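Take a look at the structure below.
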Amino acid sequence: MSHPAPKNQIIKEIEQALHAGTSEKRVETLMRVTDLFINSAPKFGTNETQLFDDVMGHLINHVESRALVELSRRLAPVANAPVGTILRLARDDAIEVSGPILISSTRLSDGDLIEIASTKSQAHLAKIAVRPQINEQVTEILVERGDAHVANEVASNAGARFSTTGMAKLVMRADGDDRLTESISLRTDISPKQFRPLMIQATEAVRQKLLASAPPHQKQMIQQVLDRISAQVGKNPAKPQNYAEAQRLVADISQDTELAKSKVLEFADAHRVAELVAALSVLSGIPVDQIDRLLRTSNEFGMMVICKASVLELDTAYAVAVACNGQPVTADAQAFEDFHAQYEGLSVSSAQRVIRFWQGRQKIMRHFKSNEA
């Protein structure tokens, strides 16, 4: 059975390399230690792996980036690679160093990935987004913090799993983004409830492209959804309202947050949608035309996000969601429980970040429309 070199011998060689004063000698030593580990890695237990972790950790602080790139490339596929060294490489600011680890190392936990995705660059997020398997907690951070490229990468990744909230955030982010809309629509795990607002907000060009390229079973589902949307629009054309009168009505409560919150519940219970939109605009700072768009695209999650960003109570938020669906508030216990779980799992800060991303897309859409005009 092969064993690593005695600890004292390795440490002695490291000390000599560090005191030799040449980067070449330090790199040579690091590569020798790496070779020694990789050649016998399957045979090593926890104690032996920890020894190499200590040794590598001692060396990598004294070598140039080019050596770390090579080390990362070689350790990324190793199932029992030293955890401390893996984390040091994964957190490196240079994407050439961290990239291989972020893409494929199984030594990174969900907690590690969440911490890196929460603090590092978009390039780091993009590498995480293409991992063979990504759990729900990680994808939610990627959707929340990632730019358009990251969002599309994770949406295109068949190995990425999404919670109900994570998928809803992704759908909301796709408003105005044809590429992301296409990527989401091709996923097998998107629910009919989430697919409908995705298709409502999709451009006609994207709808036709999906119909032309989708496999037969998916093409049928897309066509059915589009037919239902078309039938509903035919009966109730979704035209933007003139909210001027409603805005004048709620102007007097704009400085009283608590009163405005109580008015939101009052308007929702009475199904006074125009005044409800105006009051939500007062609380959230979001223009009425943007809230109106969420209504017209039947984006229940979008309305939930606005309510959460406005720090509304659960009962008020649920009343808003039901009222915006064109129905009176009901005692549907299961629907309320589902809404409750999703609303409580959505933080105020997360809701505000989703709104900022969505508003950014709306600004881009308005810019292009004004240029076309």
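The values are calculated or read from the model by the stated rules, or taken from the named source; none is laboratory data. Please read all numbers here as calculations on a predicted model, not as lab measurements. Cβ sites come from the backbone with ideal geometry, for glycine too, and all protein chains shown count toward neighbours. Calculation scope for accessible area: heavy atoms of the full protein, side chains included, ligands and nucleic acids excluded. Shrake-Rupley method; radii C 1.70, N 1.55, O 1.52, S 1.80 Å.
Worth a mention:
- Restricting the range 298-330 to residues that are of a type in the set (A, V, I, L, M) and under 22 Å from the mean Cα position of the chain (by Cα) leaves a set whose member that is surrounded by the fewest Cβ atoms within 10 Å (Cβ to Cβ) is Val311.
- Condition check for Glu258: at pLDDT 90 or above, open to solvent by 60 Å² or more (accessible area, probe 1.4 Å) and either out of contact with any Leu (no Cβ under 8 Å at 6 or more places or on another chain) or part of a loop (DSSP other than H, G, I, E, B) (or both): yes
- Flag for Val154 being in contact (Cβ under 8 Å) with a residue 24 or more places away in the chain and open to solvent by less than 50 Å² (accessible area, probe 1.4 Å): yes
- Filter result for Gln137 (surrounded by fewer than 20 Cβ atoms within 10 Å (Cβ to Cβ), polar (S, T, N, Q), closer than 23 Å to Gly302 by Cβ and out of contact with any strand residue (DSSP E or B) (no Cβ under 7 Å at 6 or more places or on another chain)): yes
Conditions tested, residue by residue: (1) in a loop (DSSP other than H, G, I, E, B); (2) aliphatic (A, V, I, L, M).
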residue	(1), (2)
Arg131	yes, no
Leu142	no, yes
His149	no, no
Val154	no, yes
Asn157	yes, no
Gly166	no, no
Lys169	no, no
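- When restricted to residues that are of a type in the set (Val, Ile, Thr), at pLDDT 85 or above and under 14 Å from Ala270 (Cα atoms), the range 308-361 contains 3.
Let's see how each residue does on (1) crowded, with 20+ Cβ neighbours inside 10 Å; (2) touching a helix residue (DSSP H, G or I) at 6+ places or on another chain (Cβ under 9 Å); (3) of a type in the set (Asp, Glu); (4) over 19 Å from Thr165 (Cβ atoms):
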| site | (1), (2), (3), (4) |
| --- | --- |
| Glu266 | no, yes, yes, yes |
| Val273 | no, yes, no, yes |
| Ser281 | yes, yes, no, yes |
| Ile286 | yes, yes, no, yes |
| Arg296 | no, yes, no, yes |
